[in-house]
């Protein structure tokens with residue numbers, strides 16, 4: 001039976017973001033939000049998320065990580081057309097503003 005995932009909240013000193021970034025493990029690192037992913041020595045897939053200096057580290061078994069990948073894939077299939085629709089609406093809005101002599105950020 002697969003081991004259940006572990007999750008813990010730690011302070012801002014539990015994960016070295018600079019080292020992880022050098023190793024190519026950081027998906028994104030914005031001033032208030034960061035996400036990294038790597039395999040640990042126990043054969044688990046680890047996600048480290050940071051929001052406003054609060055870190056959450058989650059370790060998943062391989063089976064759980066595969067389930068997570070499927071869930072992400074399903075969510076992407078729903079989100080992608082919605083994002084494309086939003087982008088088209090925004091571009092149309094900007095074109096109208098530009099035609100009216102107004103700026104669009």
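The values are calculated or read from the model by the stated rules, or taken from the named source; none is laboratory data. Everything quoted here is computed from the prediction, not taken from an experiment. Cβ placement follows ideal geometry from the backbone for every residue including glycine, while neighbour counts extend to all protein chains displayed.
Within the range 98-105, is there a residue that is in contact with a helix residue (DSSP H, G or I) (Cβ under 6 Å, 6 or more places away or on another chain) and either assigned to a helix (DSSP H, G or I) or under 29 Å from residue 32 (Cβ atoms) (or both)? Yes, that holds for at least one residue. Residues in the range 27-44 that are in contact with a strand residue (DSSP E or B) (Cβ under 8 Å, 6 or more places away or on another chain) and outside any strand (DSSP E or B) were compared, and the one that is nearest to residue 17 (Cα to Cα) is 32.
Among the residues of this structure, residue 47 counts as one that is under 30 Å from residue 19 (Cβ atoms), modelled with pLDDT of 90 or more and touching a strand residue (DSSP E or B) at 6+ places or on another chain (Cβ under 6 Å). Do we find that residue 78 is within 29 Å of residue 25 (Cβ to Cβ), outside any loop (DSSP other than H, G, I, E, B) and at pLDDT 95 or above in this structure? So residue 78 passes the test. In the range 22-31, which residue that is at pLDDT 90 or above and within 15 Å of the chain's Cα centre (by Cα) is farthest from residue 64 (Cα to Cα)? Per the criteria, the residue is 30. Among the residues of the range 42-60, some residue qualifies, meaning at least one is over 20 Å from the mean Cα position of the chain (by Cα), within 22 Å of residue 15 (Cα to Cα), free of Cβ contacts under 8 Å to residues at least 60 places away in the same chain and loosely packed, with under 13 Cβ neighbours inside 10 Å.
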